[in-house]
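S.K.: Sharing a structure here in structure tokens format.
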Amino acid sequence: MDLLSSHMLEPHERDAIAERVAAAPDDPEYEWTQTYGDATVACASELRYALDDFAATSDKIDEVHEQIQEMFDDDFPDFPYEAVKSGWGDGVDADKYAAWLDAELAARGAENGGYGFVVFDTRADDNMSVFVVDRSDIDRIIELAGELDLRIQRRFA
């Protein structure tokens, strides 16, 4: 949680989130996740909900981009439609966008190693939640996610 929230949570907030995430599989609000046959979906959904203030979440990549723009006070570029065309009409090549976004984030906060991003997929819906994180924390975030059976990766699925 600390790595995804850029260490912005107070200890009592982290504890409360951890309790809610652990209790999610038994929470009636997440009864719908039982159709997945995996308690991880309930836990992932609650974690995404709890950390929503730190993520850009949508089912559309350009809407995620707009939310990332809002995270920065300076002039973060508009969505690079021309640079990330898929070659199929007006489609977007997610891998091209990921490379573009990664380069853009790496240049910001460079004095501290720059930023990067990870994409959190709860497996519950079509939304992607993108967390802008310290570049040096990305490998650790992915490692911890793997240990918890959470889908967090460096690319858009």
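The values are calculated or read from the model by the stated rules, or taken from the named source; none is laboratory data. These numbers come from a predicted model, not from an experiment. With ideal geometry, Cβ positions are generated from the backbone for all residues, glycine too; neighbour counts draw on all protein chains shown. Side chains included, ligands, DNA and RNA excluded: accessible areas come from the protein's heavy atoms. Shrake-Rupley method; radii C 1.70, N 1.55, O 1.52, S 1.80 Å.
S.K.: Around L4, which amide H atoms from residues at least 5 apart in sequence, or from another chain, sit under 5 Å from its own amide H, with H modelled in the peptide plane?
M.R.: Correct list: empty.
S.K.: Can you give the accessible area per residue of the chain, in Å², using a 1.4 Å probe?
M.R.: So the chain comes to 57 Å² accessible per residue, rounded to a whole number.
S.K.: Just order 14-27, 96-109 by mean Cβ neighbour count inside 10 Å, highest at the front, would you?
M.R.: Put in order of decreasing packing, that is 96-109, 14-27.
S.K.: Calculate how steeply helix 39-50 sits against the longest principal axis of the alpha-carbon atoms of the chain, using the helix alpha-carbon long axis, and give the answer as 0 to 90 degrees to the nearest 10.
M.R.: 60
S.K.: From the protein chains alone at 1.4 Å, what is the descending order of accessible area for S58, S86, largest first?
M.R.: S86, S58
S.K.: If you don't mind, there's one more thing I want to ask. Ignoring ligands, DNA and RNA, how do T33, T57 rank by accessible area with a 1.4 Å probe, largest first?
M.R.: Heavy-atom accessible area, descending, gives T57, T33.
S.K.: So who's got an amide H within less than 5 Å of the one on R155, skipping anything under 5 residues away but keeping other chains? H placed 1.01 Å off N, in plane.
M.R.: V119
S.K.: Using only Cα atoms, figure out Rg for segment 2-76 and give it as a multiple of 2.2 N^0.38 Å.
M.R.: So the Cα radius of gyration is 1.30 times the expected 2.2 N^0.38 Å.
S.K.: Something else: Given the options F120, F54, F76, which has the most mean-square fluctuation in a GNM of the chain, springs set between C-alpha atoms less than 10 angstrom apart?
M.R.: F76
S.K.: Same structure, new question: What distance in nm separates the two pseudo spin-label positions at S86 and D15, each 7 Å out from Cα along the beta-carbon direction?
M.R.: Output for this residue pair reads 4.7 nm.
S.K.: Could you work out the relative contact order of the chain? I mean the mean sequence separation of Cα pairs under 8 Å and 6+ apart, divided by the number of residues, in percent.
M.R.: About 23 percent, as a whole number.
S.K.: How many Å³ per residue does the convex hull of the Cα positions in segment 26-157 occupy?
M.R.: Details: hull volume 15.4 nm³, N = 132.
Per residue, the Cα convex hull of segment 26-157 comes to 117 Å³.
S.K.: Now for a different question. When the accessible area of the chain is computed with all protein chains present and a 1.4 Å probe, what percentage of it is carbon and sulfur?
M.R.: 46
S.K.: Just grab the label-to-label distance for A110 and Q67, each label 7 Å out from Cα along the Cβ direction, in nm (one decimal).
M.R.: Taking the two extended label points, one gets 2.9 nm.
S.K.: In degrees, nearest 10, range 0 to 90: what is the angle between the Cα axis of helix 94-107 and the longest Cα principal axis of the chain?
M.R.: So the inclination is approximately 80 degrees.
S.K.: Another question, then. Heads up, I need the accessible area for M8: 1.4 angstrom probe, whole protein in place, Å², nearest 10.
M.R.: Number for this one is 130 Å².
S.K.: OK, next. According to a simple spin-label model (label point 7 Å from Cα along Cα-to-Cβ), what is the distance in nm between M8 and R154?
M.R.: 2.4
S.K.: For every helix of n ≥ 4 consecutive DSSP H residues, a contribution of -39,500 (n - 2.57) applies; sum these over the chain, divide by its total residues, and give [θ] at 222 nm rounded to the nearest 500 deg cm²/dmol.
M.R.: Here the helix-only value at 222 nm equals -12000 deg cm²/dmol.
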